[in-house]
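**Q** Just passing along the structure, written as structure tokens.
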Ligand SMILES: [Zn+2]
Ligand SMILES: [Zn+2]
């Protein structure tokens, strides 16, 4: 069994072909998918799909790109929405200085609210970070000192040093199809060093289709390709990598269950 720890089933490209996407995922052995939300007006649709579909789970959060549009977001609001039995994580949240679509101070404020919600609920935080390693590390550390919270760095593309910091804080690291790209040598080297009990895999679909699907709309079924690539890279059977990363997912996202 594979788990897609991060996908956007409600995004254009996937939402129009929901049935086919879910069928192909299940046929490929993907037994669980975490459908991630990025805006408040998306929460009900993301949760609704998780309520209807076996093996589909939901998160509530505000993407850093959307932080400017959600000036009023509070940890209370996230906590309240997370009470739904299908909501197993808080996010995605974090900092994105590559696109800088939202004011950086607002991104940080929003990020803090998510971490507070993660700590209060015990639900893992799903962290997005791009070109913002230093500030991301600082906030993660500072908040950890205020009280522990679980979490994952999703679609990891940062440095070896940032990986070390995240692991030292007890966080998990999730790798997307980017690791299969030819020009991703540095990331492949980092992937080899991630402890086997802290590794998750994801598609971040509809984006970032892994080799050999590059150029296509990415979908959860393709997480099996990333798993195969990582198994080859680490020199272990794909079944072992699949089982281990699945176990890690349910250890971290402990509100979810294998048969739920
Ligand atoms: Zn992201
Ligand atoms: Zn995402």
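**Q** List the pair-distance distribution P(r) of the range 1-41, using every Cα-Cα distance, as the percent of pairs falling in each 10 Å bin from 0 up to the bin containing the longest distance, rounded to whole percents.
**A** 30, 54, 15, 1
**Q** Could you order peptides 193-201, 220-228, 106-114 by the average number of other Cβ atoms within 10 Å of their residues, highest first?
**A** 220-228, 106-114, 193-201
**Q** Still on this structure, I have one more. Cα gyration tensor of the range 106-260, axes a ≥ b ≥ c as square roots of the eigenvalues: rounded (a/c below 1.5), prolate (a/b > b/c) or oblate?
**A** The shape class here is prolate.
**Q** Got a sec? How would 42, 202 order by Cβ neighbour count within 10 Å, fewest to most?
**A** By the 10 Å Cβ count, ascending, the order reads 42, 202.
**Q** A further question on this structure: State the Cα centre-to-centre distance between the range 49-102 and the range 187-260 in whole Å.
**A** 22 Å
**Q** So what is the orientation-averaged projected area of the chain, using the convex hull of its C-alpha atoms, in nm²?
**A** Computed as one quarter of the Cα hull surface, the answer is 12.1 nm².
**Q** Rounded to the nearest 500 deg cm²/dmol, what is the calculated helix-only ellipticity per residue at 222 nm for the chain, with -39500 (n - 2.57) per DSSP H run of length n ≥ 4?
**A** Helix-only estimate at 222 nm: -12500 deg cm²/dmol.
**Q** Arranged by the count of other C-beta atoms within 10 angstrom, fewest first, what order do 129, 180 take?
**A** Ordered by Cβ neighbours within 10 Å, fewest first: 180, 129.
**Q** Listing 128, 70 from the residue with the fewest other Cβ atoms within 10 Å to the one with the most, what is the order?
**A** Neighbour counts put them in this order, fewest first: 70, 128.
**Q** What does the extension gain come out to for residue 19 and residue 247, with contour length at 0.36 nm per residue minus their alpha carbon separation?
**A** Here the segment from residue 19 to residue 247 would lengthen by 79.4 nm.
**Q** Another question, then. Write down the Kirkwood hydrodynamic radius of the range 1-137, to one decimal in angstroms, obtained as one divided by the mean of 1/r over all alpha carbon pairs.
**A** When all Cα pairs of the range 1-137 are included, the Kirkwood radius is 15.2 Å.
**Q** Moving on. How big is the Rg/Rh ratio for the range 47-100, C-alpha atoms only, Rh by Kirkwood, two decimals?
**A** 1.04
**Q** Right, another one. When ranked by the protection proxy of mean other Cβ atoms within 10 Å per residue, highest first, what sequence do the peptides 170-179, 151-160, 80-89 form?
**A** 170-179, 151-160, 80-89
**Q** With Kirkwood's inverse mean 1/r over C-alpha pairs for Rh, give me the Rg to Rh ratio of the range 64-145, two decimals please.
**A** Expressed as Rg/Rh, it is 0.95.
**Q** So, one more: Using Cα pairs closer than 8 Å and at least 6 residues apart in sequence, work out the relative contact order for the chain, in percent.
**A** This gives 21 percent for the chain.
**Q** Here's something else I'd like to know. Only Cα pairs within less than 10 Å get springs; with that Gaussian network setup on the chain, which residue of 163, 148, 118 has the largest fluctuation?
**A** Comparing 163, 148, 118 in the GNM, the peak value goes to 148.
**Q** Sticking with this structure for a sec: Calculate, in whole percent, how much of the Cα-Cα pair population of the range 130-202 lies beyond 15 Å.
**A** Tail of the P(r) past 15 Å holds 51 percent of the pairs.
**Q** Sticking with this one: Tell me the Rg and the Dmax, in Å, that the Cα atoms of the range 77-196 produce.
**A** Here Rg and the maximum Cα pair distance are 14.4, 43 Å.
**Q** What percent of all Cα-Cα pairs in the range 176-226 falls into each 5 Å bin, going from 0 up to the bin containing the maximum distance?
**A** Spelled out bin by bin, the range 176-226 gives 5, 23, 30, 22, 16, 5, 0 percent.
Each reported figure results from applying straightforward, stated rules to the coordinates on display, with no laboratory input. Treat the numbers as computed from the prediction; the structure is a model and nothing was measured. As a convention, Cβ positions derive from the backbone with ideal geometry for all residues, glycine included, and neighbour counts pool all protein chains shown.
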